[in-house]
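Below: one structure, written as structure tokens.
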Amino acid sequence: MIGQRIKYFRELKGYSLSKLAKLAHVSKSYLSHIERDVKSNPSLHFLIKIADSLEISIDNIILTPNSVNQTDLTLDEEWEELISLAINEGASKEEFSNHLKHLKFEKWKNEQK
């Protein structure tokens, strides 16, 4: 299950298996084994590296939709609406990703003050 979630978020980000392995500094073959559930018990250290590289919370990888409370489901629907709006307005994945990076940078810059 964890492997499927990693693969889902990797593909959502538009990353190849090789790119994610390189960003996370993990073995491509090990990552492939995890995604295909050949190996199913990755270390916490591995999961943190993957989550950081995908710029998501580790909760997104280890929590299944069934373990999320109703408040979180509402938030997910709101995110889906925002993403749909961006797509309908013609935003590409690259533009959306760049915007998120800009927001992250602005947040970091404000924290430095």
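The values are calculated or read from the model by the stated rules, or taken from the named source; none is laboratory data. Here the structure is a predicted model, which means the values were calculated and not measured. In this analysis, Cβ positions are derived from the backbone assuming ideal geometry, glycine residues included, and neighbour counts consider all displayed protein chains.
Just a few scattered comments:
- In summary, Glu55 fulfils each of the numbered conditions (1) exposed (fewer than 14 other Cβ atoms within 10 Å of the Cβ); (2) more than 18 Å from Phe96 (Cβ to Cβ) with the single exception of condition (2).
- Identity of the residue in segment 14-51, of a type in the set (Lys, Arg) and surrounded by 13 or more Cβ atoms within 10 Å (Cβ to Cβ), that ends up nearest to Ile2 (Cα to Cα): Lys39
- Scanning segment 29-88 for residues that are assigned to a helix (DSSP H, G or I), under 17 Å from the mean Cα position of the chain (by Cα), modelled with pLDDT under 90 and polar (S, T, N, Q) gives a single hit, Asn60.
- Residue selected from segment 1-25 under the condition in contact (Cβ under 8 Å) with a residue 60 or more places away in the chain and outside any helix (DSSP H, G or I), by the criterion nearest to the chain's Cα centre (by Cα): Gly14
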